[in-house]
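The values are calculated or read from the model by the stated rules, or taken from the named source; none is laboratory data. None of the values given here were measured: they were computed from a predicted structure. All Cβ positions, glycine included, derive from the backbone under ideal geometry; neighbour counts span all protein chains shown.
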């Protein structure tokens, strides 16, 4: 039923919005997860929209949807998001640049963490390549990992990612602005679909 498809499109957009909200608010190792989830959810929106075809007829659907596809194909930002989604899903990668700003850090605030390291901990780190903080652990035999921890609230640190493929477009928009642009575009398709097919 069309009603069910519109519900699923809306749910996918809500997932995007949820990821975008959490991306904006996070200042730890989870920020990159919200970014990846946002990008993969965005591509899912167009897949779910195409389910309408079987309910409204191929000719009617294509007549409505093809102009949206043409616009996406001609838009460097929208095309790049499709590429990014494919890289995340097929290769598990997203090339980013991270900037970290530490507004307040007093080592006294870290004492509880530093006095209670996990077994096999070697070093404590703050703000690694994905913005996380925690312990580097060496189990021996070449087995190493990171155990992330939540920093005390007194530590004030903000992190921000730029997605390299988006930055390379040489458009005067930040990654965050392009994320919002992508979400708005997809929401516009959904809104227009409801106007045409409800």
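General remarks:
- Matching helices (runs of 4 or more DSSP H) fully within region 1-95 where at least 3 residues are over 22 Å from residue 169 (Cα atoms): 2-25, 31-49, 53-56, 58-74
- Taken together, 177, 145, 136 contain a single residue that is assigned by TED's automatic domain parsing to the domain that holds residue 40 and within 21 Å of residue 31 (Cα to Cα), which is 177.
- Only one entry in 145, 177 is out of contact with any strand residue (DSSP E or B) (no Cβ under 6 Å at 6 or more places or on another chain) and free of Cβ contacts under 8 Å to residues at least 24 places away in the same chain, namely 177.
- Restricting attention to region 56-107, the residues that are over 30 Å from residue 197 (Cβ atoms) and touching a strand residue (DSSP E or B) at 6+ places or on another chain (Cβ under 8 Å) total 12.
- Region 1-25, residues that are more than 23 Å from residue 64 (Cβ to Cβ) and in contact (Cβ under 8 Å) with a residue 24 or more places away in the chain: 15, 17, 20, 23, 24
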